[in-house]
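S.K.: The structure that follows is given in the form of structure tokens.
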Amino acid sequence: MKLVDEAGGLAATRHARRPVVTVAVEGMVFHRPVPTGSVLRFEASVVAVGRSSLDVVVDVQQEDPIAGTLERVHTANMVYVALGDDDRPAPVPPLSPETPQELERHRAAMDRRAARVRG
Ligand SMILES: CC(C)(COP(=O)(O)OP(=O)(O)OC[C@H]1O[C@@H](n2cnc3c(N)ncnc32)[C@H](O)[C@@H]1OP(=O)(O)O)[C@@H](O)C(=O)NCCC(=O)NCCS
């Protein structure tokens, strides 16, 4: 989970070009057990942004280097907030989802945002 947070924070920082803090872990699914010593691949994508907040999906895949296969083992929906020099929330650049997967993940993140507002 620490590595997931680090991967997500890095993706958010790259997009914001500012330091970020983790503000919420909205969902974590462990799809299958991960044996100690497994080779893991982390892929973190910014899927939606607000004024200062960024929704990031982190996918973790287990690699079998002999078989040359990747299997999804973990998915997390994280929220980060970009901070300005005053350590207060600062604006982030807009996001332009384009591919079908980006558009689908953006729509799902906007649904989560709407649910947050509804409480
Ligand atoms: C992140 C933080 C600076 C935000 O401060 P704040 O006074 O709540 O600021 P705001 O109310 O202006 O909210 C800023 C943004 O955070 C979002 N936000 C705040 N709380 C949130 C939550 N629980 N879940 C999702 N988003 C949240 C707001 O929606 C807003 O998004 P927007 O700018 O895109 O509209 C403050 O909550 C904080 O410092 N939290 C602790 C972070 C931390 O220590 N993380 C490390 C954990 S190990």
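The values are calculated or read from the model by the stated rules, or taken from the named source; none is laboratory data. As the structure is a prediction and not an experimental result, all values here were calculated from the model. Cβ sites come from the backbone with ideal geometry, for glycine too, and all protein chains shown count toward neighbours. The area values use the complete protein model at the heavy-atom level, side chains included, leaving out ligands, DNA and RNA. Shrake-Rupley method; radii C 1.70, N 1.55, O 1.52, S 1.80 Å.
S.K.: Got the relative contact order for the chain handy, in percent, Cα pairs under 8 Å and 6 or more residues apart?
M.R.: Result for the chain is 28 percent.
S.K.: Okay, next question. What is the angle, in °, between the Cα long axis of helix 2-16 and the longest principal axis of the Cα atoms in the chain? Nearest 10 is fine, range 0 to 90.
M.R.: Compared with the principal axis, the helix lies near 40 degrees.
S.K.: Sticking with this structure for a sec: On average, how much accessible surface per residue is there in the chain, in Å², for a 1.4 Å probe, leaving out ligands, DNA and RNA?
M.R.: 62 Å²
S.K.: To the nearest 10 degrees, how steeply does helix 100-118 sit against the main Cα axis of the chain, on a 0 to 90 scale?
M.R.: Between the helix axis and the principal axis of the chain, the angle is about 60 degrees.
S.K.: If each DSSP helix of 4+ residues adds -39,500 (n - 2.57) and the sum is divided by the residues in the chain, what number results at 222 nm, nearest 500 deg cm²/dmol?
M.R.: -9500 deg cm²/dmol
S.K.: Give the separation of the Cα centroids, the stretch 1-19 to the stretch 90-119, in Å.
M.R.: So the two Cα centres are separated by 17 Å.
S.K.: Let me ask something else about it. With a 1.4 Å probe and every protein chain kept in, tell me what percent of the accessible surface of the chain is carbon plus sulfur.
M.R.: That fraction is 54 percent.
S.K.: Could you please report the charge total around MET110, scoring K, R as +1 and D, E as -1 over all other residues with beta-carbon less than 12 angstrom from its beta-carbon?
M.R.: +2
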